[in-house]
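**Student:** Quick one: structure below, then a few questions.
The values are calculated or read from the model by the stated rules, or taken from the named source; none is laboratory data. If you're wondering where the values come from, they're calculated on a predicted model, not measured in any experiment. Virtual Cβ from ideal backbone geometry, glycine too; neighbours counted across all protein chains shown. Just the protein is used for accessible areas: all its heavy atoms, side chains included, with ligands, DNA and RNA removed. Shrake-Rupley method; radii C 1.70, N 1.55, O 1.52, S 1.80 Å.
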Amino acid sequence: MKRLLITGAGGNLGKLARARLGHMADILRLSDIGEMAPAAGPHEEVVPCDLGDEAAVMELVADCDAILHLGGVSVERPWKDIQNANITGVYNLYEAARAHGMPRIFFATSNHTIGYYTQDKVLTVQDPVKPDGLYGVSKCFGEAMASLYHSKFGQETALIRIGSCFEKPVDRRMMATWLSPDDFIRLVECVFRAPMLGCPVIWGVSNNDEGWWDTSTARLIGWRPQDNSETYRAEIEAAQPCPPADAPESRYQGGKFTAEPIHK
Ligand code: NAI
Ligand code: 15L
């Protein structure tokens with residue numbers, strides 16, 4: 001493709017994508033509301049933008065062939081911040097995509113859409129959402145927007161419910177939720193290379209021995225995660241005592257997010 005837009009390019013996954021997805025497009029258009037060092041390289045464009053700014057997002061999306069949408073509030077925060085980036089921002093993104101030829105979207109949704117399910121349940125993508133906070137609610141909104149724009153206009157989106165994408169798992173819950181950086185990059189490649197996409201929900205999780213999600217929809221795009229959190233089990237268990245069985249991190253799939261207050 002000619003131009004791939006990466007929103008949230010200054011964030012954790014955005015930096016990873018910037019470093020490792022240059023081969024996917026002639027030009028990476030990198031966007032964030034915050035810092036995006038280093039300066040643009042030869043095949044990069046750096047375009048600062050607040051997702052909540054309708055006119056700016058309309059311009060941002062012009063001439064893009066695909067969108068890796070990582071930008072937004074990524075944890076529990078006061079409603080006004082979530083509303084600007086994850087509600088208004090997502091509306092702005094889908095309206096801009098509609099106006100500019102409907103480039104395929106990779107939408108980084110989250111396990112916090114279902115965080116209030118207990119860890120003894122195995123979920124499919126058909127199970128109703130059960131968000132664990134305002135952040136989770138905003139990701140449910142994003143999933144609903146993608147579904148609406150697919151049904152009404154044919155806009156393609158991969159709704160990737162990411163578990164925990166970090167260099168390695170950092171606590172016991174992540175033995176089930178971990179998505180390795182390598183599997184994340186392979187997943188983005190599969191989303192943008194798939195001949196047909198539609199609007200599937202896919203769990204963004206590595207091939208961990210422990211898990212709560214039926215990952216069969218990944219096959220729709222030919223993605224086979226290869227890494228396994230078991231590699232780190234001994235390290236994690238040695239470093240961290242087992243939390244009590246009724247602690248949020250032992251009980252709920254969303255872990256500690258279920259214990260967050262409504263931030264004001
Ligand atoms: P992050 O918080 O490091 O990056 C998000 C970026 O979005 C930040 O650089 C921030 O400045 C930018 N942003 C925030 N508000 C904005 C606005 N109004 N306009 C434009 N940009 C704005 O998050 P991370 O870890 O890189 O995650 C990327 C995406 O993946 C997020 O949407 C997050 O919700 C989702 N996700 C990540 C998971 C993970 O384990 N890293 C797990 C589940 C979902
Ligand atoms: C998320 O949705 C967050 O963006 C990320 O920072 C992690 O907390 C992750 O979920 C998780 O559940 O581990």
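**Student:** Could you work out the relative contact order of the range 3-259, using alpha carbon pairs under 8 angstrom and six or more residues apart, expressed as a whole percent?
**Tutor:** This gives 17 percent for the range 3-259.
**Student:** So with the 1.4 Å probe, I'd like the accessible area per residue for the chain, rounded to whole Å². If you can, show how the numbers build up before the last one.
**Tutor:** Details: 11950 Å² over 264 residues.
Ligands and nucleic acids excluded, the result is 45 Å² per residue.
**Student:** Which net charge results when you count Lys and Arg as +1 and Asp and Glu as -1 among the other residues whose beta-carbon is under 13 Å from that of Glu35?
**Tutor:** Numbers: positive: Lys15, Arg18; negative: Asp32.
Local charge sum for Glu35: +1.
**Student:** Most mobile of Asp120, Asp32, Asp63 per a Gaussian network model of the chain (Cα springs, under 10 Å)?
**Tutor:** Asp120
**Student:** Can you pull the percent of the chain's accessible area that's carbon plus sulfur, 1.4 Å probe, other chains left in place? Could the numbers behind the result be given before it?
**Tutor:** Details: 6360 of 11950 Å².
Its accessible area is 53 percent carbon and sulfur atoms.
**Student:** Need one number: nm distance between label points at Arg193 and Asp120, each 7 Å from Cα along Cα→Cβ, rounded to one decimal.
**Tutor:** For the pair Arg193/Asp120, the computed spacing is 4.2 nm.
**Student:** With unit charges on the beta carbon (Lys/Arg positive, Asp/Glu negative), name the residue among Tyr252, Cys49, Trp178 whose Cα is farthest towards the positive pole of the charge dipole of the range 3-259.
**Tutor:** Result: Tyr252, furthest along the dipole toward the positive end.
**Student:** If you line up the Cα atoms of the range 23-95 on their principal axes, what length do they span on each, largest first, in Å?
**Tutor:** 38, 26, 19
**Student:** Moving on. So if I place +1 on the C-beta of Lys and Arg and -1 on the C-beta of Asp and Glu, and nothing else carries charge, what would the dipole magnitude of the range 1-135 be about its Cα centre? I want it in debye, nearest 20.
**Tutor:** The dipole of the range 1-135 has a size of about 360 debye.
**Student:** How much accessible area does Glu189 have with a 1.4 Å probe, in Å² rounded to the nearest 10?
**Tutor:** 40 Å²
**Student:** Sticking with this structure for a sec: Among Gly211, Ile33, Ala239, whose Cα projects farthest towards the positive end of the dipole of the chain, with charges put on the beta-carbon of Lys, Arg (+1) and Asp, Glu (-1)?
**Tutor:** It is Gly211.
**Student:** Can you work out the base-10 log of I(q)/I(0) for the range 1-129 at q = 0.10 1/Å, using the Debye formula on its C-alpha atoms alone?
**Tutor:** The Cα Debye sum returns log10 ratios of -0.34.
**Student:** Could you tell me what percent of the DSSP beta bridges with both partners in the range 3-259 are antiparallel, to the nearest 5? Could the numbers behind the result be given before it?
**Tutor:** Working: 1 of 30 bridges.
So the antiparallel bridges in the range 3-259 amount to around 5 percent.
**Student:** Could you quote the convex hull projected area for the range 3-259, Cα atoms only and averaged over all directions, in nm²? Present the calculation step by step, with values, prior to reporting the outcome.
**Tutor:** Working: hull surface 52.7 nm².
Result: a mean projected hull area of 13.2 nm².
**Student:** Report the paramagnetic label zone for Lys2: residues of the range 24-55 whose backbone N is under 12 Å from a point 7 Å from Cα along the Cα-to-Cβ axis.
**Tutor:** 26-27
**Student:** Hey, another quick one. When the helix-only estimate is applied to the chain (DSSP H runs of n ≥ 4, each -39,500 (n - 2.57), divided by the residue count), what is the mean residue ellipticity at 222 nm, nearest 500 deg cm²/dmol? Intermediate results must be reported in sequence, preceding the final value.
**Tutor:** Numbers: 9 runs with 80 residues, N = 264.
For the chain, the value works out to -8500 deg cm²/dmol.
**Student:** When all protein chains stay in place, what accessible area (Å², nearest 10, 1.4 Å probe) is found for His100?
**Tutor:** Using a 1.4 Å probe on the heavy atoms, I get roughly 60 Å².
**Student:** Now, a different point. Given Cβ point charges of +1 (Lys, Arg) and -1 (Asp, Glu) and nothing else, what value in debye, to the nearest 20, does the dipole of the chain about its Cα centre take?
**Tutor:** Values: 26 positive and 34 negative charges, 77 e Å.
About 380 debye.
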